[in-house]
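Structure first, commentary second.
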Amino acid sequence: MKVLILTKNITAEQKLQERLQYLGHEVFCTQQSVADFTNPLYTKVLFNIFESVVISETISQRESVETIRFFNQKKYDITILRKVEQLHEELEAEEVECLHTEATIEELREKFQERQRVGQDFEQAEKLFFSNVEFERLNFSKNERKVIEALYESPGKCVARNTLCEYLWRAGATNSNLSQMSVLINKIKEKCKRADISENAIKTIWGQGYTIDRQFSSFLAERHFFEKAN
């Protein structure tokens, strides 16, 4: 079984992680924000990876209840467990399954019985999910999106700086706009590099213009980037 542990402190989950791995489960422990996992853009991929999600006691009661309600409302085929020292009234109302912080190997064995569900390859699905999370956090500005769109629509071709300026601004390729264009390109590159999406999302062809990296172009297509923008 593939188990995801949501926590505020990865070190605090070491014992649970080791015991689950001892029982033969694949465990991924993350400090990713709980809000990321309730984003509908990612849930389809998430539930192709994991059969069970453990919400750590290090996560606040409010966040925990919000996450549990989200999963319950969507009726996803996934087991949600809240790791606690004692059951709270709010959790009783949500009818959530609880996991004691000091659960023994025997108790864990029974809690995490193998469930037959076909999922994606673990490493590929995991990579896709977290790249989706990072991609959504990029928050491209309106003009950054326009630049990306113009380059995306000309795959394998170099788009002149003047052409891009005319696409973005009525005044066209003024000195000021050419300077702004350089800033936009650098921001896009930096955001993509920081999110580990592409080392060089947009390539500069000196004296000519810019071209979009094939890897970045494929990444945009897979995530229906321009459909979301509209």
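Things worth noting here:
- Annotation for the range 143-212: GluC sites (Glu not before Pro) lying in DSSP loop with at most 14 further Cβ atoms inside 10 Å of their Cβ are E153, E199.
- Across q = 0.16, 0.25 Å⁻¹, the range 139-229 modelled as identical point scatterers on its alpha-carbon atoms has Debye log10 I(q)/I(0) values of -0.59, -1.46, in the order of the q list.
- Computed from phi, the 3J(HN,Hα) profile of the range 155-167 under the Karplus parametrisation 6.51, -1.76, 1.60 (θ = phi - 60°) reads x, x, 10, 8, 9, 5, 4, 4, 5, 5, 5, 5, 6 Hz, with x in place of Gly and Pro.
- Footprinting exposure proxy for C29, C165 (fewest neighbouring C-beta atoms within 10 Å first): C165, C29
- Of K2/K83; K8/K191; K8/K111; K8/K189; K142/K191; K146/K191, pairs whose Cα-Cα distance is over 21 Å: K8/K191; K8/K111; K8/K189
- Which of V54, V183, V84 has the fewest Cβ neighbours within 10 Å, and the rest in rising order: V183, V84, V54
- The chymotrypsin sites (Phe, Trp or Tyr not before Pro) of the range 166-230 meeting both criteria, a DSSP state outside H, G, I, E and B (loop) and at most 12 other C-beta atoms within 10 angstrom of the site's C-beta, are W206.
- Panel order for T11, T211, by other beta carbons found within 10 Å of each beta carbon, from fewest to most: T11, T211.
Laboratory data are not the source of any read-out in this text; all were calculated from the coordinates shown. Because the structure is a prediction, the values reported are computed rather than measured. A quick note on method: Cβ atoms are made from the backbone with ideal geometry, for glycine too, and the neighbour counts reach across all protein chains shown.
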